[in-house]
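Note sheet for the following structure.
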Amino acid sequence: MTMLRNLLLLCLGLILAGCDRPHWNGVNMSGVSWGREFRLQDTSGRERTLAEFRGRPVMLFFGFVQCAEVCPTSLLRAAEVKKQLGADGKGLQIILITVDPERDTPDLLRDYAAVFDPELVALRGDEAATRKTADEFRVYYQKVPTGDSYTVDHTALTYVFDADGNLRLGEPHNLTAEQVTQDLRQLLKPKADT
Amino acid sequence: MNRLLIAGLMLLATTAAQAQNTAPVTVKDAWVRATVPAQKATGAFMQLTSTEGTRLVGASSSAAGTVEIHEMAMVDNVMKMRAVPGIDLPAGKTVELKSGGYHVMLLALKGQVREGDSVPLTLVFEGKDKKRQSIEVKAAARPLNASAKGGEMKGPH
Ligand SMILES: [Cu+2]
């Protein structure tokens, strides 16, 4: 009986405080112990880390250039989200990490990334660094031969980091730009309603 | 005499084109995703409608060294792209090659595909009688950052 009353009071309190649990379109990843850092080269050969983007939200996607549609549509969606957020985007940074460093040369990556967003940062590492980064972000990737070429199976979630560098969301490929923008707006909303 | 010869040749050419075009399939909105210079692969998308049951069993293009029919699947958020032996086209039903499903994969591209280019594709169909017929299609190159959700033209503005 007391428990029920306490529960009701708690609910009432939560409603009054306006801190009803947020609803995300993507997968909530807040609090996970992985997905913290990478150390890879950008297309000009400079070493980049996730830490240097502190202060700005980040959308991170793993992919490769010879990818027929999941990669271009994911990057297109990220670019649309950035546009939809407008000034609220507060310098939203889109990052692409290639899972095909063998074919994705710095020049190819630079040309490719610029098509979607001139500020997109495209990163690559050697095989070991790529595998290490993918493991850190729990990204699966695997070369699969096709004809006399190969394709790469890979995790197609777009990770969203808040401005403090915390991994918060994984946005599946089937969500629309509008749905992802909704998540970003909620995430970037100023916390204190005092 | 000359005129007659030309007329005769033209008639022959028309007949040849018709003979090649006997596959009972209509191709709509064929397009290919443009590429950046060093890119060696891209996908082609379209809508196929056949008046009788048939099957898309192959494709080729003068713009690519290899052309395959691919199926894309998302399994536990992992993108998998696989070559498939063919795509069934039931009579009267429009089958869309689009995002999240099938596409024609152009590999070993011979050059950059620029927005607005017209990429020739030969589609090979096999009917119930195992006879093969082909159709020539020109796929328009849409921007690399075009959406592949459906047949509609939707670019960023
Ligand atoms: Cu493909």
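The values are calculated or read from the model by the stated rules, or taken from the named source; none is laboratory data. These numbers were taken from a predicted model, which means no experiment stands behind them. Glycine gets a Cβ as well: all are built from the backbone with ideal geometry, and neighbour counts include every protein chain shown. Protein only, heavy atoms only, side chains kept; ligands, DNA and RNA dropped before computing areas. Shrake-Rupley method; radii C 1.70, N 1.55, O 1.52, S 1.80 Å.
Among the numbered conditions (1) over 15 Å from the mean Cα position of the chain (by Cα); (2) within 15 Å of the ligand (Cβ to nearest atom), the only one that B:Gly111 does not meet is (2).
Residues of region A:123-146 that are away from the ligand (no atom under 16 Å from the Cβ), out of contact with any Ser or Thr (no Cβ under 9 Å at 6 or more places or on another chain) and touching a residue at least 12 places away in the same chain (Cβ under 8 Å): A:Asp126, A:Glu127, A:Ala129, A:Thr133, A:Glu136. Within region A:39-46, one or more residues are over 12 Å from the mean Cα position of the chain (by Cα), surrounded by fewer than 23 Cβ atoms within 10 Å (Cβ to Cβ) and among the small types (Gly, Ala, Ser).
Let's see how each residue does on (1) within 14 Å of another protein chain (Cβ to nearest Cβ); (2) touching a Phe, Trp or Tyr at 6+ places or on another chain (Cβ under 9 Å); (3) farther than 18 Å from B:Asp76 by Cβ:
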residue: A:Glu127; (1), (2), (3): no, no, yes
residue: A:Val144; (1), (2), (3): yes, yes, no
residue: A:Thr158; (1), (2), (3): yes, yes, no
residue: A:Asp162; (1), (2), (3): no, no, yes
residue: A:Gly165; (1), (2), (3): no, yes, yes
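Only one of the numbered conditions (1) within 25 Å of A:Lys82 (Cα to Cα); (2) open to solvent by 10 Å² or more (accessible area, probe 1.4 Å) is violated by A:Leu123, and that is (2).
Any residue in region A:58-77 that is over 28 Å from B:Arg82 (Cα atoms) and open to solvent by 20 Å² or more (accessible area, probe 1.4 Å)? No; the residues of region A:58-77 include none that is over 28 Å from B:Arg82 (Cα atoms) and open to solvent by 20 Å² or more (accessible area, probe 1.4 Å).
Scanning region A:43-66 for residues that are among the aliphatic types (A, V, I, L, M) and within 15 Å of A:Ala122 (Cα to Cα) yields A:Leu50, A:Val58, A:Met59, A:Leu60, A:Val65. Residues in region B:60-70 that are facing chain A (nearest Cβ under 10 Å) and either within 12 Å of the ligand (Cβ to nearest atom) or open to solvent by less than 30 Å² (accessible area, probe 1.4 Å) (or both): how many? The total comes to 4.
Listed here are the residues, each with its yes/no results for (1) open to solvent by less than 30 Å² (accessible area, probe 1.4 Å); (2) within 12 Å of chain A (Cβ to nearest Cβ); (3) in contact (Cβ under 8 Å) with a residue 24 or more places away in the chain.
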residue: B:Gly53; (1), (2), (3): yes, no, yes
residue: B:Met72; (1), (2), (3): yes, yes, yes
residue: B:Met79; (1), (2), (3): yes, yes, no
residue: B:Ile87; (1), (2), (3): yes, no, yes
residue: B:Lys93; (1), (2), (3): no, no, yes
residue: B:Val104; (1), (2), (3): yes, yes, yes
residue: B:Leu107; (1), (2), (3): yes, yes, yes
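Look at B:Ser134 and say whether it is surrounded by 14 or more Cβ atoms within 10 Å (Cβ to Cβ), of a type in the set (S, T, N, Q) and within 16 Å of the ligand (Cβ to nearest atom). It is false that B:Ser134 is surrounded by 14 or more Cβ atoms within 10 Å (Cβ to Cβ), of a type in the set (S, T, N, Q) and within 16 Å of the ligand (Cβ to nearest atom).
The number of residues in region B:71-100 being more than 12 Å from the ligand (Cβ to nearest atom), part of a loop (DSSP other than H, G, I, E, B) and within 24 Å of B:Asp129 (Cα to Cα) comes to 5. Scanning region A:78-109 for residues that are of a type in the set (D, E, K, R), more than 9 Å from chain B (Cβ to nearest Cβ) and either surrounded by fewer than 16 Cβ atoms within 10 Å (Cβ to Cβ) or under 14 Å from the mean Cα position of the chain (by Cα) (or both) turns up A:Lys82, A:Asp88, A:Lys90, A:Glu102. Determine whether A:Gly55 is at positive phi and at pLDDT below 95. Spelling it out, A:Gly55 is indeed at positive phi and at pLDDT below 95.
Being within 14 Å of chain A (Cβ to nearest Cβ) and either within 12 Å of the ligand (Cβ to nearest atom) or open to solvent by 10 Å² or more (accessible area, probe 1.4 Å) (or both) is the filter here; which residues of region B:37-51 pass it? Result: B:Pro37, B:Ala38, B:Lys40, B:Ala41, B:Thr42, B:Gly43, B:Ala44, B:Phe45.
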